[in-house]
Amino acid sequence: MSVQPDSKISNSTFLLTGFPGLEREYPWLSIPFSCIYAMVLLGNCLVLHVIRTEPSLHEPMFYFLAMLALTDLCMGLSTVHTVLGILWGLSREVSLDACIAQTYFIHGLSLTESGVLLAMAFDRFTAICNPLRYTSILTNMRIITIGVAILGRSFLFITAPIVRLKFFHYCHPHILSHSFCLHQDLLRLACSDIRFNSFYALALVICTLFLDSVLILISYISILHSVLTIASRDERLKSLKTCVSHICAVLVFYIPIIGLTMVHRFGKHLSPVVHVLMGNIYILFPPLMNPIIYSVKTQQIRSRIQRWFTKQN
């Protein structure tokens with residue numbers, strides 16, 4: 001049955017949308033989604049376990065990878081209860097406070113992942129363009145400072161617009177567009193003055209996601225310029241191979257965001273299923289793919305996982 005407004009739903013309760021028109025298929029849809037969430041949790045926990053237990057991986061590149069895996073793990077945990085709650089038929093209702101909290105973590109973790117990817121680009125830039133000073137530049141204390149700065153930028157800057165959501169008057173039908181709560185979705189239902197939130201969100205996206213992507217691009221232009229000055233072809237390939245995993249992670253993160261933005265901006269005529277599908281790809285694709293990318297493309301992690309499973313067998 002499709003999601004319909006319910007007169008019994010209070011002003012502080014919202015209805016989450018699953019996959020419109022596919023309600024009868026929820027038992028079957030729950031199987032792949034449960035598997036995806038299991039892979040997200042297990043894959044990122046495995047990467048964190050390997051980095052923690054392998055002394056040879058205690059270096060800046062893998063510390064940043066641990067930050068990325070922890071961010072992806074938290075992203076999965078922040079949405080698993082609402083997505084699977086709908087598909088398993090448990091509940092599609094969410095209170096305003098719980099919705100605001102989920103919004104805060106989803107957007108905060110997205111900004112965190114962007115910041116971590118930028119830090120990883122800086123790590124590769126330093127390792128390739130300034131290898132003799134690599135360890136002196138990226139000391140443990142500096143890595144901790146970078147991590148704290150990323151968290152501060154991600155969660156402090158979004159506090160003001162998220163807190164304002166609590167005081168808005170929501171006069172439109174309390175039906176959200178996804179299986180989880182997003183800032184722009186709550187704004188769509190509000191009848192209060194939302195200009196501050198709209199302009200602030202746009203400025204925040206420009207100053208974080210857009211600026212991060214530009215800086216990542218600049219770092220790789222510098223890396224490419226530095227690599228091309230290396231005389232040996234084998235050395236050039238070896239240097240570029242260390243960047244392959246990070247480039248894949250950047251594409252896996254930014255392509256779904258661009259796709260979701262394009263669908264929301266130009267795809268109003270598309271089926272609601274397309275919007276919901278793009279929303280779930282935006283939330284689940286990076287946490288699912290990053291452990292796979294780094295397990296396959298990073299020789300140190302791949303060999304450690306292979307040795308670990310061989311020992312178990």
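The values are calculated or read from the model by the stated rules, or taken from the named source; none is laboratory data. Keep in mind that this is a model prediction, so the values were computed, not measured. Cβ placement follows ideal geometry from the backbone for every residue including glycine, while neighbour counts extend to all protein chains displayed. To get the accessible areas, we keep the full protein, side chains included, count just its heavy atoms, and leave off ligands, DNA and RNA. Shrake-Rupley method; radii C 1.70, N 1.55, O 1.52, S 1.80 Å.
Listed residues 87, 96, 151; which is over 12 Å from the mean Cα position of the chain (by Cα), modelled with pLDDT under 95, surrounded by fewer than 20 Cβ atoms within 10 Å (Cβ to Cβ) and not hydroxyl-bearing (Ser, Thr, Tyr)? Give the steps one after another, and end with the answer.
Numbers: 87 fails: surrounded by fewer than 20 Cβ atoms within 10 Å (Cβ to Cβ); 151 fails: modelled with pLDDT under 95.
After applying the criteria, what remains is 96.
For a quick check of your reading of the model, give me the residue pairs whose first member lies in segment 68-92 and is among the hydrophobic types (A, V, I, L, M, F, W, C), whose second is open to solvent by 60 Å² or more (accessible area, probe 1.4 Å) and part of a helix (DSSP H, G or I), with beta-carbon atoms closer than 7 Å and at least 6 apart or on different chains.
Final answer for the pair search is 73/45.
Go through segment 77-111 and report how many residues are of a type in the set (Phe, Trp, Tyr) and part of a helix (DSSP H, G or I). Before the answer, list the steps.
In the first step, residues of segment 77-111 are kept if they are of a type in the set (Phe, Trp, Tyr); the result is 88, 104-105.
Going one step further and asking which of them are part of a helix (DSSP H, G or I), we end up with 104-105.
Final tally of qualifying residues: 2.
Is it fair to say residue 56 is touching a Lys or Arg at 6+ places or on another chain (Cβ under 9 Å), under 30 Å from residue 143 (Cα atoms), touching a residue at least 60 places away in the same chain (Cβ under 8 Å) and hydroxyl-bearing (Ser, Thr, Tyr)?
Criteria met by residue 56.
When you look at residue 40, is it over 12 Å from residue 288 (Cα atoms) and open to solvent by less than 20 Å² (accessible area, probe 1.4 Å), yes or no?
no
Report, ordered by the first and then the second residue, all pairs with beta carbons closer than 7 Å, sequence separation of six or more or different chains, a first member in segment 273-298 that is touching a residue at least 24 places away in the same chain (Cβ under 8 Å) and among the charged types (D, E, K, R), and a second member that is part of a helix (DSSP H, G or I) and open to solvent by less than 30 Å² (accessible area, probe 1.4 Å).
Every condition considered, the pairs that remain are 297/245.
If residue 265 meets every condition in (1) surrounded by 12 or more Cβ atoms within 10 Å (Cβ to Cβ); (2) closer than 25 Å to residue 108 by Cα; (3) at pLDDT below 95 apart from one, which number is that one?
(1)
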